[in-house]
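See below for the structure under consideration.
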Amino acid sequence: MATRTVAVVLAGGVGERMGAGRPKQLVEVGGRPILAHAIGAFDAHPGIDEIIVVMAAGHLRDAAAIAAPFRKTAAVIEGGDTRTASTVAALRVLDGRPDDVRVLFHDAARPFVDRPTIDRVLDALDAHEAVAVGIPSSDTIVVVEDGLVVSMPPRAALSRFQTPQGFRLGTIRKAYELALADPDLRATDDCGIVHRYLPGVPIRVVEGSERNLKVTQPLDAVIAEHLATEVNP
Ligand code: CTP
Ligand code: MG
């Protein structure tokens with residue numbers, strides 16, 4: 001049967017804020033590289049047919065070795081200088097595939113994405129062209145300019161985005177086509193590209209999970225190690 005659902009694991013970053021001396025997705029938590037946790041979540045999900053790993057230049061061999069044991073791994077490719085460029089590299093691999101293929105983009109730096117979250121994204125893609133994962137913010141978030149608060153959006157209306165973000169391939173392809181033609185293209189996530197370049201396309205937000213954290217700073221690695229070794233999470 002033809003592939004209907006592809007997971008793209010974005011590991012093209014170098015982890016500057018983490019400062020591990022190598023890309024943070026290669027750092028181990030619970031005895032396995034963060035990248036292996038992320039790939040494993042999609043490999044184990046029955047709704048995913050194929051996985052594409054996008055890795056930072058210079059680290060492809062490491063990524064290929066980590067990805068090899070997972071049977072759904074279809075390609076390990078080199079990313080670009082920005083997350084946007086890494087997404088575009090994955091879309092190139094999917095050139096020629098039908099518009100209705102479902103594609104999920106996931107940050108390799110989120111090792112604990114769980115099956116219910118992936119389920120919610122896939123379910124929502126039955127009725128929507130673009131789906132994001134969000135969780136409520138426990139902190140109040142304000143807009144600051146020159147050190148002064150200029151607005152305080154009501155907390156209930158705010159959502160912190162996680163990944164995976166899911167799309168029908170035709171929609172995300174079109175959005176990137178328009179984005180790449182824009183000389184003012186600024187870095188954003190994939191939903192940001194759809195929101196900006198296909199403003200008529202509603203982006204459905206489904207519930208994420210507090211455990212689905214992004215390992216970004218050294219403290220996150222401490223938390224991740226704890227989560228990875230938790231008994232009965
Ligand atoms: N990413 C990517 N290609 C890039 C930059 C980022 O695929 N050129 C991926 C990262 O590998 C990560 C996800 O996008 O899985 C989220 O990015 P971020 O947390 O910012 O990771 P890094 O860019 O590696 O970290 P930093 O910004 O601290 O350098
Ligand atoms: Mg980054």
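The values are calculated or read from the model by the stated rules, or taken from the named source; none is laboratory data. Note that this is a predicted model, so its numbers are computed, not measured. As a convention, Cβ positions derive from the backbone with ideal geometry for all residues, glycine included, and neighbour counts pool all protein chains shown. Just the protein is used for accessible areas: all its heavy atoms, side chains included, with ligands, DNA and RNA removed. Shrake-Rupley method; radii C 1.70, N 1.55, O 1.52, S 1.80 Å.
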For this session: Using the structure shown, decide if THR216 is within 16 Å of ligand 2 (Cβ to nearest atom) and among the hydroxyl-bearing types (Ser, Thr, Tyr).
Result: yes
Exercise. Inside the stretch 197-224, can you point out the residues that are under 19 Å from the mean Cα position of the chain (by Cα), over 12 Å from ARG17 (Cα atoms) and aliphatic (A, V, I, L, M)?
Worked result: ILE203, VAL205, VAL206, LEU213, ALA224
For this session: Could you tell me which numbered condition LEU122 fails, if it satisfies all but one of (1) in a strand (DSSP E or B); (2) touching a residue at least 12 places away in the same chain (Cβ under 8 Å)?
Result: (1)
Exercise. Since ILE52 meets every condition but one in (1) closer than 21 Å to VAL131 by Cβ; (2) within 13 Å of ligand 1 (Cβ to nearest atom); (3) in contact (Cβ under 8 Å) with a residue 60 or more places away in the chain, which condition does it not meet?
Worked result: (3)
For this session: Considering every residue within the stretch 161-168, establish whether at least one is touching a helix residue (DSSP H, G or I) at 6+ places or on another chain (Cβ under 6 Å) and farther than 26 Å from ARG102 by Cβ.
Result: no
Exercise. Only one of VAL29, VAL6 is over 20 Å from PHE167 (Cβ atoms) and either more than 9 Å from ligand 1 (Cβ to nearest atom) or open to solvent by 10 Å² or more (accessible area, probe 1.4 Å) (or both); which?
Worked result: VAL29
For this session: Identify the single condition in (1) open to solvent by 30 Å² or more (accessible area, probe 1.4 Å); (2) in contact with a Pro (Cβ under 8 Å, 6 or more places away or on another chain) that ALA57 does not satisfy, given that it satisfies every other one.
Result: (2)
Exercise. When the residues of the stretch 1-32 are filtered to those that are basic (Lys, Arg) and not in a helix (DSSP H, G or I), which remaining residue is farthest from ligand 2 (Cβ to nearest atom)?
Worked result: ARG4
For this session: Provide a single number: the residues in the stretch 71-109 that are assigned to a strand (DSSP E or B), open to solvent by 10 Å² or more (accessible area, probe 1.4 Å) and either touching a Pro at 6+ places or on another chain (Cβ under 7 Å) or away from ligand 2 (no atom under 16 Å from the Cβ) (or both).
Result: 7
Seminar exercise, completed: Checked the stretch 114-150 for anything open to solvent by 50 Å² or more (accessible area, probe 1.4 Å) and of a type in the set (S, T, N, Q); matches are SER138, THR140
Exercise. If you go through the stretch 33-48 one residue at a time, do you hit one that is touching a Gly at 6+ places or on another chain (Cβ under 8 Å) and more than 16 Å from ligand 2 (Cβ to nearest atom)?
Worked result: yes
